[in-house]
Amino acid sequence: MRDIIIAGNWKMNKDMEAVRAFCKDVAGAFKGKVLGRVLPILAPAYPFLAIMLRELEGSLVKVAAQDTSSHADGAFTGEFRLPCWLHGLQYCIVGHSERRAYHHESNEIIREKLLAVMDNGMKPILCIGETLEQRDGGITDQVILEQLDGCLRGVQLYSGKELIIAYEPVWAIGTGRNATGDQAQEVHRLIRKWLTDQYSKDLADSLSILYGGSVKPQNLEELLSQPDIDGGLIGGASLDSKSYLAMMDIAINHK
Ligand code: 13P
């Protein structure tokens, strides 16, 4: 049985006070709650990682970084290395479309980052997805397969639990226009088939594939009811604790 993951990517939002207030709400709401196979993950901006880890210590929430440099150290002004000294940090997003678009990250760079995360004993959340132009041009499958080939070329996976993949169609991010359950399922099925062909059926069946792009409490159930959608990577709707907790409840009650 795969985990259902409700991951909040906060991007460059919230200040310290807001981070603390959110953590307090979530820690309080999760006290005594049985989460079953639902795994909550939150990815605050880099300066707040340590604060969140401290505030949520002992809770069931896992903390993720939003990015990392692929370099261990050196002359890379403004870059940061994944803080493996931050005890408890277990996940790191790589390849988000905003990094690809604004920082020109190629599949090769993303692959290096993914390997750096794994070398640190942490789990990458690899984002892939097509632009509207690519979808309208009928090349969605080709783009997805190129991203998978480029980012995972030669990457050893053993159980499928050491990586999470997030399918985030660029046209659905922050636009309020989510992919329908059927549209998302079609791509998720393609990803799982690729994993089966490249690795094994057992591995493909164990790896959680999240959908991202305008996920909110109103559309989460439809997405979760698809056979290959194992949760969401959520931006805007994860910023408000009530909305985040509502999505957690939907996932917990999902049959
Ligand atoms: P929105 O949920 O705001 O569309 O953002 C999705 C996203 O980019 C998560 O990584």
Of residues in region 161-205 being basic (K, R) and assigned to a loop (DSSP other than H, G, I, E, B), the one farthest from Y102 (Cα to Cα): K161
Counting only residues that are closer than 13 Å to H188 by Cα and either in a loop (DSSP other than H, G, I, E, B) or hydroxyl-bearing (S, T, Y) (or both), region 221-237 contains a total of 6
Note on R100: of the conditions (1) more than 16 Å from the ligand (Cβ to nearest atom); (2) of a type in the set (D, E, K, R); (3) free of Cβ contacts under 8 Å to residues at least 24 places away in the same chain, unmet is (1)
Which ranges mark the helices (runs of 4 or more DSSP H) fully within region 1-103 that have 2 or more residues being among the aliphatic types (A, V, I, L, M) and touching a Cys at 6+ places or on another chain (Cβ under 9 Å)? 49-55
Could you give me the residue pairs with C-beta distances under 6 Å whose first residue belongs to region 120-138 and is at pLDDT 95 or above, whose second residue is part of a loop (DSSP other than H, G, I, E, B) and aliphatic (A, V, I, L, M) wherever it lies, and which are 6+ apart or on separate chains? P124/L163
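Considering only region 206-220, state which residues are away from the ligand (no atom under 16 Å from the Cβ) and either part of a loop (DSSP other than H, G, I, E, B) or more than 18 Å from the chain's Cα centre (by Cα) (or both). Talk me through it step by step, then tell me what you get.
Going residue by residue through region 206-220, those that are away from the ligand (no atom under 16 Å from the Cβ) are 206-207.
Within region 206-220, L207 is the sole residue that qualifies.
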Boolean, G174 is touching a residue at least 40 places away in the same chain (Cβ under 8 Å) and within 12 Å of the ligand (Cβ to nearest atom): yes
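The values are calculated or read from the model by the stated rules, or taken from the named source; none is laboratory data. All of these numbers come straight from a predicted model, not from anything done at the bench. Because the Cβ atoms are built from the backbone with ideal geometry, glycine has one as well, and the counts that use them run over all protein chains shown.
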